[in-house]
Amino acid sequence: MSDMMNSDETDDRGKIPDLMRIGQIPTDLQMSFDTDVLDPVVITDDFCRFVIPNKGFLHSFSKITLGVTALGGKEQATFPLNVGVHSLIDRCALKIGTTTIAEVVDFGHYMAYKSLFIDNQINYDREMYLTGRGLSHDWIYNNVKLDATTVGTSDVNASFYAPKSRYNLEISSGNTGASGDINSDPVLMNENSPILSISVADLFEFLKFNQLPLYMIDQQISIELHFKSAASLGRLVPDKTEGSGGLFLIDQNRVKFVSDHIYYDGDIMENYRAQNNVLNWTYVDYQLNKRSFTNTSLASKQVFNVGGAGRLVNKVFTSLAESFATNDLRITNEYSSACVGLNNLNHGKLTTNLRYNDNYLFPIDPTNIAVHFHHLLDAEQNVPHVSREEYSFESGEGGLASQFLYQGYNAADGQEGLAGKFTWLGYRLNRNERVSSRGIELEIQYSTMNAGTYIHRAYIEVVKQASLRNGIFETDFA
């Protein structure tokens, strides 16, 4: 009889679902939620730390709310169109005890890459009001004034496209076509003090697929945010008519952690703890390699190491951003990746390859910008939702409308606008091998670039392992 009871108990425990995994659960499993609005235990204009209570399961879409105040006016300032409120964060870290579980450096640039793969309609309908990301496009049809006396009649023929906005598309007369100003939604402008939020799943890839069992951890759990310096314009984008200057300070009263905790009814949580004395995770984290080049050095092949020695690396993605000065004014702020320039209306060559374990990733160095776009799609297994002109600086009929200004900026301009600002490169390591002690070598060459200094960023996606054993969390590289 005793053996039969033990067998039944084992069978019952075996029916307990994986409570940490995000996805479907049995329909008869009841759960409840508890929400805490937490203030940071430490906060300045440069840094804040939240301590999360050890109870229930942490919902992966818990939010951190952020806001700013401006010194020196700038009422029409908005967050960068492609990254939104993520521009406020320079570095983020998830820590359990003294162990750093996940960390992202230059977080705004990292999110500029991740945001490429969000559908424009999602940005327009949801992200614009949650995170401030509003990169979306709208066709400009020929049913607008073409000059002072003639009105177009076509609702079908769209000659141009422009950033999409719900508000204030003002058409004025002109000799060469329609012109006017497209403004951001007023609720996103600094004068209306918007409160936007960041999901912890966006901060840390680890939490995108797992809900932390906080009640099983006997250590302090904290999230640390290092904010972008207020001395630069990296935080917000002023309306062009307002010019540069002024400071945007973190509104410390609006920095909160809206922490959602999940509970399951009955003894299921304690049974889950008893059944899982040891929990193991495999997840990915990101390491950054950053260095600067001049336009003249980029004209010749550059070979450099981006790390990964002895690690399992899934992919590498890179950007080349123009060095950003405090008097620069751009729609994307500093969160962009420059394309190779034009030479007498001919597109220059962007040549690249990646070498690891004594083999090249590509047998022939890719130079075609369309091939680079394909490799980016392959690396992320998702389509970048940007136009040809925004990725490759190539355009023809139906390009970005230079007649329409977004917040005073010419979206078709290669300096202040969107053209050629999203040329991220992606490399998926395809041999399922551990990287040797030599690391990963990257080769790049941009035949034609505007004069100036450029900052190259290479993020490598490394595989890590974590374990929770008797309430103690540990992590290491796979």
Quick one: which strands (runs of 3 or more DSSP E) sit completely within segment 238-300 and have at least 1 residues that are crowded, with 16+ Cβ neighbours inside 10 Å and among the small types (Gly, Ala, Ser)? 256-264
Out of the strands (runs of 3 or more DSSP E) lying entirely within segment 39-101, which hold 1 or more residues that are modelled with pLDDT of 95 or more, within 16 Å of PRO213 (Cα to Cα) and basic (Lys, Arg)? 89-96
So PHE317 clears everything in (1) over 22 Å from ALA112 (Cβ atoms); (2) at pLDDT 95 or above except one condition, right? Which one? (1)
Filter segment 399-431 for residues that are in a loop (DSSP other than H, G, I, E, B), of a type outside the set (Gly, Ala, Ser) and modelled with pLDDT of 85 or more and give the result. GLN407, ASP413, GLN415, GLU416, LEU418, LYS421, THR423, TRP424, LEU429, ASN430, ARG431
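Condition (residue is over 20 Å from THR78 (Cβ atoms), among the hydrophobic types (A, V, I, L, M, F, W, C) and surrounded by fewer than 17 Cβ atoms within 10 Å (Cβ to Cβ)) applied to segment 334-353: is it met by at least one residue?
Here is the first cut: in segment 334-353, the residues over 20 Å from THR78 (Cβ atoms) are 337-353.
If we keep only those that are among the hydrophobic types (A, V, I, L, M, F, W, C) too, we end up with 338-340, 342, 345, 350.
Among the residues that remain, those that are also surrounded by fewer than 17 Cβ atoms within 10 Å (Cβ to Cβ) are: 342, 345.
Within segment 334-353, one or more residues are over 20 Å from THR78 (Cβ atoms), among the hydrophobic types (A, V, I, L, M, F, W, C) and surrounded by fewer than 17 Cβ atoms within 10 Å (Cβ to Cβ).
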Does segment 124-132 include one or more residues that are buried (at least 17 other Cβ atoms within 10 Å of the Cβ) and assigned to a strand (DSSP E or B)? no
All but one of (1) touching a residue at least 40 places away in the same chain (Cβ under 8 Å); (2) within 24 Å of GLY307 (Cβ to Cβ); (3) over 22 Å from the mean Cα position of the chain (by Cα) hold for GLN407; state the number of the condition that does not hold. (2)
Conditions first: (1) surrounded by fewer than 18 Cβ atoms within 10 Å (Cβ to Cβ); (2) modelled with pLDDT under 90. ASN210 passes all but one, so which condition is the exception? (1)
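Among the residues of segment 190-223, how many are under 21 Å from the mean Cα position of the chain (by Cα) and not polar (S, T, N, Q)?
Going through segment 190-223, the residues under 21 Å from the mean Cα position of the chain (by Cα) turn out to be 194-211, 223.
Now restrict to residues that are not polar (S, T, N, Q): 194-196, 198, 200-209, 223.
Count: 15.
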Conditions (1) without any contact (Cβ under 8 Å) to a residue 60 or more places away in the chain; (2) surrounded by fewer than 21 Cβ atoms within 10 Å (Cβ to Cβ) -> THR99 fails only (1)
I'm checking my understanding of the structure. Among residues of segment 35-59 that are within 21 Å of the chain's Cα centre (by Cα) and farther than 13 Å from ILE223 by Cα, which one is surrounded by the most Cβ atoms within 10 Å (Cβ to Cβ)? HIS59
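Any residue in segment 181-195 that is within 29 Å of VAL51 (Cβ to Cβ), crowded, with 17+ Cβ neighbours inside 10 Å and of a type in the set (A, V, I, L, M, F, W, C)? Quick ask: steps written out before the conclusion?
First pass over segment 181-195, keeping only residues within 29 Å of VAL51 (Cβ to Cβ): 193-195.
This time we only want the ones that are crowded, with 17+ Cβ neighbours inside 10 Å, so: 194.
Now restrict to residues that are of a type in the set (A, V, I, L, M, F, W, C): none.
No, segment 181-195 contains no residue that is within 29 Å of VAL51 (Cβ to Cβ), crowded, with 17+ Cβ neighbours inside 10 Å and of a type in the set (A, V, I, L, M, F, W, C).
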Here is a list of conditions, (1) touching a residue at least 40 places away in the same chain (Cβ under 8 Å); (2) within 25 Å of the chain's Cα centre (by Cα); (3) part of a strand (DSSP E or B), and SER467 meets all of them except one; can you say which number that is? (2)
Among the residues of segment 300-323, the number that are more than 22 Å from TYR360 (Cβ to Cβ) and touching a Gly at 6+ places or on another chain (Cβ under 9 Å) is 2
Any idea how many residues of segment 432-454 are in a strand (DSSP E or B), of a type in the set (A, V, I, L, M) and out of contact with any helix residue (DSSP H, G or I) (no Cβ under 9 Å at 6 or more places or on another chain)? 2
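Listed here are the residues, each with its yes/no results for (1) more than 19 Å from LEU38 (Cβ to Cβ); (2) in contact with an Asp or Glu (Cβ under 9 Å, 6 or more places away or on another chain).
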residue: GLU205; (1), (2): yes, yes
residue: GLN220; (1), (2): no, no
residue: LYS228; (1), (2): yes, yes
residue: LEU233; (1), (2): yes, yes
residue: TYR264; (1), (2): yes, no
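The values are calculated or read from the model by the stated rules, or taken from the named source; none is laboratory data. Quick caveat, the model's predicted, so the values are computed rather than measured. Positions of Cβ are generated from backbone atoms using ideal geometry, with glycine treated the same way; all protein chains shown enter the neighbour counts.
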